[in-house]
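Below is one structure, written out as structure tokens, with a few remarks after it.
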Amino acid sequence: MIAIGCDHAGCDMKKAIIDALSEKGLECKDMGCNGERCDYPVIAEAVCGEIISGSCEKGILVCGTGIGMSIAANKIRGIRAAHCSDSFSARYTRLHNDSNVLCLGARILGEGLALELVDIFLSTDFEGGRHQKRVDLIKELENKNN
Ligand code: RB5
């Protein structure tokens, strides 16, 4: 199950992602918003909460730029949110950072590219090995700066 959320700038893109994943048999838990003007940190917290609780394995957040969502999501312990606008980043943030949230900018990306980034992000596994130590160091940073 994938947790997904957007602010008012990202609703059309969120719907396109939900529809595309549903066609592939992947279910999304939609944490809002539903078109009304809203504050992206609230939605980021709701989506990330699903991951931290273990209800969802990964999350997708969409706002105008993807930046506000990524800043907010990365304040939450255990979340490694990647703001991606290209396929190389979407692939390598999974391979090397074990990112658990993908942040997309609906005012930047076309729908085709956004769907491709989602596909890559969800289908790429963490490489582990030397990268595990670095992810562990990120966790240490969280503990030092709580
Ligand atoms: C909303 O207008 C906009 O600020 C938001 O979607 C996002 O781009 C913030 O980073």
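Rule-based calculations on the coordinates, nothing more; no lab input. This is a predicted model, so every value here is computed, not measured. Here the Cβ is made from the backbone with ideal geometry for all residues, glycine too, and neighbour counts use every protein chain on show.
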- Under a Cβ-Cβ limit of 4.7 Å, which cysteines in the chain have nobody to pair with? CYS6, CYS11, CYS28, CYS48, CYS56, CYS63, CYS84, CYS103
- Query: What FRET efficiency comes out for the pair ASP19/ARG91, r = Cβ-Cβ distance, R0 = 25 Å, nearest 0.05?
  - Reply: 0.60
- Query: How large is the helix-only mean residue ellipticity at 222 nm for the chain, computed as the sum of -39500 (n - 2.57) over DSSP H runs with n ≥ 4, divided by its residue count, in deg cm²/dmol to the nearest 500?
  - Reply: -15500 deg cm²/dmol
- Query: By counting other Cβ atoms within 10 Å of each Cβ, how are LYS75, LYS29, LYS144 ranked from fewest to most?
  - Reply: LYS144, LYS75, LYS29
- Note on the structure: Interchain or sequence-distant (5+) residues whose placed amide H lies within less than 5 Å of the amide H of LYS29 are ILE2, ALA3, ILE4
- Taking a label point 7 Å from the Cα of GLU140 along Cα-to-Cβ, the residues of the stretch 68-83 whose backbone nitrogen sits under 17 Å from it are 78
- Note on the structure: Given GluC sites (Glu not before Pro), DSSP loops and at most 16 other Cβ atoms within 10 Å, the longest exposed-site-free stretch of the chain is 58-126
- Item | Reachable lysines from LYS24, criterion Cα separation under 18 angstrom, eight or more residues apart if same chain | LYS14, LYS15, LYS58
- Query: Where does each of TYR92, TYR40 land when they are ranked from fewest to most other beta-carbon atoms within 10 angstrom?
  - Reply: TYR92, TYR40
- Any chance you could list P(r) for the stretch 102-143, counting all Cα-Cα pairs in 5 angstrom bins from zero, rounded to whole %? 5, 18, 17, 14, 16, 15, 13, 2
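Once you wrap a convex hull around the alpha carbon atoms of the chain, what is its projected area averaged over all directions, in nm²?
Projected area, direction-averaged: 7.9 nm².
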- With 0.36 nm assigned to each residue of separation and the Cα-Cα distance removed, GLU116 to LYS133 gains 3.2 nm
- Query: What residues have an amide H closer than 5 Å to that of HIS83, excluding those fewer than 5 places away on the same chain, when H is modeled at 1.01 Å from N in the peptide plane?
  - Reply: CYS103
